[in-house]
Amino acid sequence: MTLAPPVTREGGTITATIQDSPGMRMLYTALNHLDDAAERLQLSPSIHRVLRSCERTLKVALPVEMDNGEIEVFTGYRVQHTNARGPGKGGVRYHADVSLDEVTALAQLMTWKCAVLDLPYSGAKGGISVSPQNLSEKELRRLTRRYTYAIMPIIGPKKDIPAPDVNTDERTMAWMSDTYSMLQGIAAQEIVTGKPIALGGSLGRADSTGLGVAIITESTLKRYGELVEGATVVVQGFGKVGYWAAHYLAQDGCKIIAISDVSGGYYNPNGLDPEAMLKYTKSSPTRTLEGYSVPGLERVTNEELLCLKCDVLIPAALEDQITSLNADHIQAKYIVEGANGPTSSTADKILHARGIITVPDILANAGGVTVSYFEWVQGLQAFLWDLDTVRKNMRRFMDTAFQQVCDLSDSRHVSLRQGAFMLGVSRVADAIEQRGIFP
Ligand code: NAD
């Protein structure tokens, strides 16, 4: 068993400094939330120790023949946090900043997220340190196949089921599913979720994370007595999560006043049209919002965008965006975390003290893994559901988890994040206690 990386402690809390890498800061934040929940739950030190460690960590070197005949070697990871509640589940990220710390933190978050939604999974995560925009489609395909081959000893439909994350998509999952199936000599489409429909994907998976963010945003507004109609929303990130969250919230009457992507922020106090912006990215050479222009639009930096006055801020890009450096300047009333780990633990405390309600990632963006679960179930049963069944069940799971987190937070007088972590951690701890420690 690999122990979690060492952490610094000051006065009982883990602290990360701004000099630490984003991955390490994210890992500190994840461990900090776990420690807080463990203390509030009065978890036994033994179980707490098990939960702080990661059960399996695989680092792989991936030689890939590039189109020019040169061989490049990339580094990939797959981390499985625990197998307490079922097989591992978690996305695969392609990004230059992918590191072991980051993947480890993300695997832990997946454990708590699956437990909050009461899905029969444990947390896992994978990634490759690569800038995918610099690779051709053929190079990406070779890289994905090599990665799948390299992590094959530890994945499987009943062991660990990957899914898309930042810079990976249905096409990536199709290559992974095909590689695994060819090497195993069987049709094993249920090895991944987030596949194309033609390969056993589920209806309603592509937009599920963003739809879930929209459902949770609306439930939050209603719970605190706010109107959904006309609520002003700022979205950081315009990918699979950010676009769909903006789409559904705009459809339900919210006013999306700012959106950003890697090219920067786009602000219009009179409201933006996510559909027109998506259409623009599809024909733009960089596939980003770079150059997007409509009357009334102002360009802002990503940093400025986070601090715009609005009802709801949805960080839906990368981790560690709201930190001690900008938490004092956030003007949103509510933050709904579409991304994983967008708020550092120090920032979280500042926001809480300022009365800003934060709906944590492990609840807010769980719509994706919930429909991934439905996709896996459909694959195992070889019986496909219609869209209505997917949507109804997704809403049921999201509503139940939201209510349970709110009830726990109310009864224990803690923030929604603390309530969500307490719920997730207690379920995993209970599973470990009931199973006992092998042997
Ligand atoms: P994606 O690759 O589809 O989109 C990421 C978006 O963020 C892109 O629009 C990109 O331009 C933008 N971006 C990158 N760097 C940025 C920066 N510095 N400032 C502003 N925008 C920036 O990824 P995604 O799947 O939408 O994932 C986004 C976040 O949501 C990640 O934290 C991911 O882990 C989390 N998440 C994704 C899913 C899922 O199903 N895809 C599920 C749960 C959580």
Show me the strands (runs of 3 or more DSSP E) entirely contained within the stretch 26-129 in which 3 or more residues are among the β-branched types (Val, Ile, Thr) and in contact with a strand residue (DSSP E or B) (Cβ under 7 Å, 6 or more places away or on another chain). 56-65, 71-80
Output the number of residues of the stretch 335-362 satisfying the condition of being without any contact (Cβ under 8 Å) to a residue 24 or more places away in the chain and either part of a loop (DSSP other than H, G, I, E, B) or closer than 27 Å to Tyr248 by Cβ (or both). 1
Looking across the stretch 264-286 at residues that are surrounded by fewer than 18 Cβ atoms within 10 Å (Cβ to Cβ) and part of a loop (DSSP other than H, G, I, E, B), the single one that is farthest from the ligand (Cβ to nearest atom) is Asn270
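When the residues of the stretch 345-375 are filtered to those that are of a type outside the set (A, V, I, L, M), away from the ligand (no atom under 14 Å from the Cβ) and touching an Asp or Glu at 6+ places or on another chain (Cβ under 9 Å), which remaining residue is farthest from Thr29 (Cα to Cα)? Steps first, please.
Residues of the stretch 345-375 that are of a type outside the set (A, V, I, L, M), as a first pass: 345-346, 348-349, 352, 354-355, 358, 360-361, 365, 367-368, 370, 372-375.
Imposing the further condition that a residue be away from the ligand (no atom under 14 Å from the Cβ) reduces the set to 345-346, 348-349, 352, 354-355, 358.
Still in the list and also touching an Asp or Glu at 6+ places or on another chain (Cβ under 9 Å): 345, 354, 358.
Details: Ser345: 5, Arg354: 19, Thr358: 15 Å.
The selected residue is Arg354.
Step by step: first the residues of the stretch 152-179, then only those that are among the aliphatic types (A, V, I, L, M) and under 21 Å from the mean Cα position of the chain (by Cα), then the one that is nearest to the ligand (Cβ to nearest atom). Which residue is that?
Initially, the stretch 152-179 is screened for residues among the aliphatic types (A, V, I, L, M), giving 152, 154-155, 161, 163, 166, 173-174, 176.
Those left that are additionally under 21 Å from the mean Cα position of the chain (by Cα): 155, 161, 163, 166, 173-174, 176.
Details: Ile155: 18, Ile161: 13, Ala163: 7, Val166: 4, Met173: 11, Ala174: 16, Met176: 15 Å.
This residue is Val166.
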Breaking point among (1) at pLDDT 95 or above; (2) closer than 22 Å to Pro132 by Cβ, for Pro285: (1)
For the stretch 287-318, give me each residue that is free of Cβ contacts under 8 Å to residues at least 60 places away in the same chain, within 15 Å of the ligand (Cβ to nearest atom) and part of a loop (DSSP other than H, G, I, E, B). Arg287, Thr288, Leu289, Glu290, Gly291, Tyr292, Thr301, Cys307
Checked pairs for the stretch 157-186, first under 12 Å from Arg141 (Cβ atoms) and not assigned by TED's automatic domain parsing to the domain that holds Gly242, second within 16 Å of the ligand (Cβ to nearest atom) and assigned to a helix (DSSP H, G or I), C-beta under 6 Å and 6 or more apart or across chains, list as Thr172/Thr144; Trp175/Thr144
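The values are calculated or read from the model by the stated rules, or taken from the named source; none is laboratory data. Bear in mind the structure is a predicted one, so any value in this text is a computation, not a measurement. With ideal geometry, Cβ positions are generated from the backbone for all residues, glycine too; neighbour counts draw on all protein chains shown.
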